[in-house]
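The values are calculated or read from the model by the stated rules, or taken from the named source; none is laboratory data. Please read these numbers as outputs of a predicted model, since none were measured by experiment. Because the Cβ atoms are built from the backbone with ideal geometry, glycine has one as well, and the counts that use them run over all protein chains shown.
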Amino acid sequence: MRVDLNTDAGESFGAWALGDDAALFSYVTSVNVACGFHAGDPSVIRRTIRLAAAAGLCIGAHPGYPDLQGFGRRAMAVTPREVEDLVLYQVAALLGMTRAEGVRLAHVKPHGALYSQAARDPALASAIARAVASLDSRLVLVGLAGSSLIQAAADAGLPSAAEAFADRAYLADGSLAPRHLPGAVIHDGNIVARRALGIIRDHHVRSLDTDRDVPVRADTLCIHGDTPGAPELARTVRAALEGAGVRVLAREG
C-alpha cells in the first residue's frame, strides 16, 4: 500500500499570513501552490516553490476562482470557456515560476468552489483538462475520486490522481459535505488518522448524512494547510499510515 500526502499551500497574501507551510512541509509529499487568484501573490508563490523544492516535495499548481475575499470557496457562474482561460492563465504562471527556480511542475489541482463544481459538472471538468493538456500533457490532474475531473483527465489524455480527504466529511453520494454543515470539517487528529487509514486500507469512509460507508479509492490524501494545527494533523496522519505499513510517497516518487 502507498499513498501521496498533499497539502494546499502558499495561501498567504501580502501582509496577511495563512498557515505554517515550513512546518507542514516536513510531513507531506506533495504541495499545491496557490496561483494568486484565490490566495497567494508573486512573492508568496516564489517563496513557496523554494520551500517545497528544498523539502524535496512534488510541486503542483492550485488554480481557483478570482475571489480573494471569499478564498475561492464561493461558487461562481462561469462558462467552460472562461474556466479554461482562467486555469490556463494560472497554471502557466506557476509553470513559468517553477522553471525559473529550476524545478518541475508535476500536477494541477483545482481549488475550492472550482474543484467542487468541476467534480460534478463534466463541461467544467473538460475545460480544466483542456487547459492543462494545452500546456503539458505530462501534468497530472488531481481531482475528487470518482468525479468528473478524473474522467475528463482520461478523455484529454492526461494522467490523473484520485484524491480523498480525511479531514473533510463525505455525503452518501461520494461528494464532500458543504463546509457550512456541522461536522463537515474534522479537526481531531486521531479521528482524521483513523479516517485516512479507512480510505487507504479499507477503501471506504463513513458518510455524514447517512452514517454508512461510502466506497473511496484514492491515490492521494489532502491535508488542508489553512486548517489550524495543520502540521500536527499531518504528522499524526503520516505516523498512523506508516505505522500501518502504508508507504507515504509522492505519486511521481
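Here are some notes:
- Total residues in region 235-250 satisfying the condition of being under 17 Å from Arg2 (Cβ atoms), surrounded by 14 or more Cβ atoms within 10 Å (Cβ to Cβ) and not β-branched (Val, Ile, Thr): the figure is 6.
- A single entry from Gly198, Gly174 fulfils the requirement of being in a loop (DSSP other than H, G, I, E, B), surrounded by 14 or more Cβ atoms within 10 Å (Cβ to Cβ) and not polar (S, T, N, Q): Gly174.
- Residues of region 224-245 that are at pLDDT 95 or above, touching a Leu at 6+ places or on another chain (Cβ under 8 Å) and either among the polar types (S, T, N, Q) or outside any helix (DSSP H, G or I) (or both): Ala244 alone.
- Residue under evaluation Leu221, criteria (1) exposed (fewer than 14 other Cβ atoms within 10 Å of the Cβ); (2) of a type outside the set (Phe, Trp, Tyr); (3) in a strand (DSSP E or B), criterion not met: (1)
- Tally, over region 110-126, of residues that are in contact (Cβ under 8 Å) with a residue 40 or more places away in the chain, surrounded by 24 or more Cβ atoms within 10 Å (Cβ to Cβ) and under 11 Å from Pro80 (Cβ atoms): 1
- The number of residues in region 3-17 that are surrounded by 15 or more Cβ atoms within 10 Å (Cβ to Cβ) and either part of a strand (DSSP E or B) or hydrophobic (A, V, I, L, M, F, W, C) (or both) comes to 8.
- Meets criteria (surrounded by fewer than 17 Cβ atoms within 10 Å (Cβ to Cβ) and β-branched (Val, Ile, Thr)) for Thr79: yes
- Any hit, region 138-148, residues being in contact with a Lys or Arg (Cβ under 8 Å, 6 or more places away or on another chain), assigned to a helix (DSSP H, G or I) and without any contact (Cβ under 8 Å) to a residue 40 or more places away in the chain: yes
- Residue match in region 73-88 (condition: in a strand (DSSP E or B), farther than 23 Å from Pro178 by Cα and touching a residue at least 12 places away in the same chain (Cβ under 8 Å)): no
- Of everything listed in (1) in contact (Cβ under 8 Å) with a residue 60 or more places away in the chain; (2) at positive phi, the single unmet condition for Gly10 is (1).
- Summed over region 18-60, residues that are touching a helix residue (DSSP H, G or I) at 6+ places or on another chain (Cβ under 9 Å), without any contact (Cβ under 8 Å) to a residue 40 or more places away in the chain, more than 14 Å from His111 (Cβ to Cβ) and part of a loop (DSSP other than H, G, I, E, B) total 2.
- Cβ pairs under 8 Å, 6+ apart, first in region 237-253 and more than 22 Å from Arg168 (Cβ to Cβ), second in a loop (DSSP other than H, G, I, E, B) and modelled with pLDDT of 95 or more: Leu249/Thr29; Gly253/Thr29
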